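Peer 1: Here you go, one structure.
The values are calculated or read from the model by the stated rules, or taken from the named source; none is laboratory data. Values in this document were obtained by computation on a predicted structure and should not be read as measured data. As a convention, Cβ positions derive from the backbone with ideal geometry for all residues, glycine included, and neighbour counts pool all protein chains shown.
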Amino acid sequence: MISVAGYGSLLSEVSARETVPGLQNFRLVKVPGYRRIFNKVGIVFISRHGADPDSLQVASCSTQPDPDTSIICSQFECSEEDFLELYEREHRFRWVAVETRPLAVTGDTDHPLLARMCSGYSDTDYRLNKCITPGEYQRRVGQYYSGALWRQDILPFPRYLFFCLQAAATQGQEVVDNFLDSSFLADGVTTLREYVTATPELANWQQQLASYTYPASRK
């Protein structure tokens, strides 16, 4: 079995089971030394969900090292076959091994101390190491979008952001607060809480959650 840490929509057990139906031992954990960052162009938003490739609101959520931050994640185990499907869905990310710590005392002392988690990549490394021919890159990315995948100027895709907030809300206020305060825009400076507070159409996100359902590519 392979252990996975989910930091976005995978915070919801329902969402996680839609993505990995055979998962086992779903629980919440802390991952020290990382933060979330909305700095990757979500190709699936363009190819399947009507996002304008020329808009700035195309970002999906990734992670990056930050020694001063801990993120609350889900952790679960899945089969090699299920993981390979998840790996394919999250092809544009780099997978890293992270240390996890229990969020709550459960009496379970056998849970893994390590998990695999999606993290940031670079356009050059992605092309060299995961799309080894121009044709493969064109099939996966180029037919939908011609710019850089990893950027510092983009904003969250609104429907995806609401889906992530909804996933966090299913786990309670502590998880919501952690999501808002340990997530950053692509500029690496603005917290998600600051962005949501300053954006009128997002300010009442808690009241709007009930009307948002979005089958995003899960992370």
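Peer 1: What number of residues within the stretch 130-156 are under 23 Å from Y7 (Cβ atoms) and either free of Cβ contacts under 8 Å to residues at least 40 places away in the same chain or not in a loop (DSSP other than H, G, I, E, B) (or both)? Explain how you work it out, then say what you get.
Peer 2: Quick first cut of the stretch 130-156, residues under 23 Å from Y7 (Cβ atoms) only: 130, 140-141, 148-156.
Now restrict to residues that are either free of Cβ contacts under 8 Å to residues at least 40 places away in the same chain or not in a loop (DSSP other than H, G, I, E, B) (or both): 130, 140-141, 150, 155-156.
Looking only at that region, the number is 6.
Peer 1: Give F38, F83, F76 a once-over and let me know the one that is in contact (Cβ under 8 Å) with a residue 60 or more places away in the chain, more than 22 Å from R101 (Cα to Cα) and of a type outside the set (A, V, I, L, M). So that I can check it myself, show each step before the final result.
Peer 2: On the way: F83 fails: more than 22 Å from R101 (Cα to Cα); F76 fails: more than 22 Å from R101 (Cα to Cα).
Going through F38, F83, F76 in turn, just one is in contact (Cβ under 8 Å) with a residue 60 or more places away in the chain, more than 22 Å from R101 (Cα to Cα) and of a type outside the set (A, V, I, L, M): F38.
Peer 1: Among (1) modelled with pLDDT under 95; (2) of a type in the set (A, V, I, L, M); (3) assigned to a helix (DSSP H, G or I), which single condition is L180 missing?
Peer 2: All conditions are met except number (1).
Peer 1: Moving on to the next point. Among all residue pairs at least 6 apart or on different chains, which show Cβ distances below 9 Å where the first residue, located in the stretch 186-197, is within 20 Å of G42 (Cβ to Cβ) and the second is of a type in the set (V, I, T) and modelled with pLDDT of 95 or more?
Peer 2: Close Cβ pairs satisfying both conditions: A186/I37; A186/I154; G188/I37.
Peer 1: Of all residues in the stretch 52-87, which are farther than 15 Å from A16 by Cβ, of a type in the set (A, V, I, L, M) and surrounded by fewer than 23 Cβ atoms within 10 Å (Cβ to Cβ)?
Peer 2: Correct list: L56, L84.
Peer 1: Quick check on the stretch 144-169: of everything there that is over 14 Å from the mean Cα position of the chain (by Cα) and either under 18 Å from A16 (Cα atoms) or of a type in the set (D, E, K, R) (or both), which residue is surrounded by the fewest Cβ atoms within 10 Å (Cβ to Cβ)?
Peer 2: D153
Peer 1: Let me ask something else about it. Tell me yes or no: at least one residue of the stretch 21-38 is surrounded by fewer than 14 Cβ atoms within 10 Å (Cβ to Cβ) and in contact with a helix residue (DSSP H, G or I) (Cβ under 9 Å, 6 or more places away or on another chain).
Peer 2: yes
Peer 1: Let me ask something additional. Going residue by residue through the stretch 101-115, is there one that turns out to be in contact (Cβ under 8 Å) with a residue 40 or more places away in the chain, closer than 18 Å to Q64 by Cα, in a loop (DSSP other than H, G, I, E, B) and of a type outside the set (K, R)?
Peer 2: No - not one qualifying residue is present in the stretch 101-115.
Peer 1: Given the options R159, R127, name the one that is outside any loop (DSSP other than H, G, I, E, B) and within 21 Å of S12 (Cα to Cα).
Peer 2: Details: R127 fails: within 21 Å of S12 (Cα to Cα).
After applying the criteria, what remains is R159.
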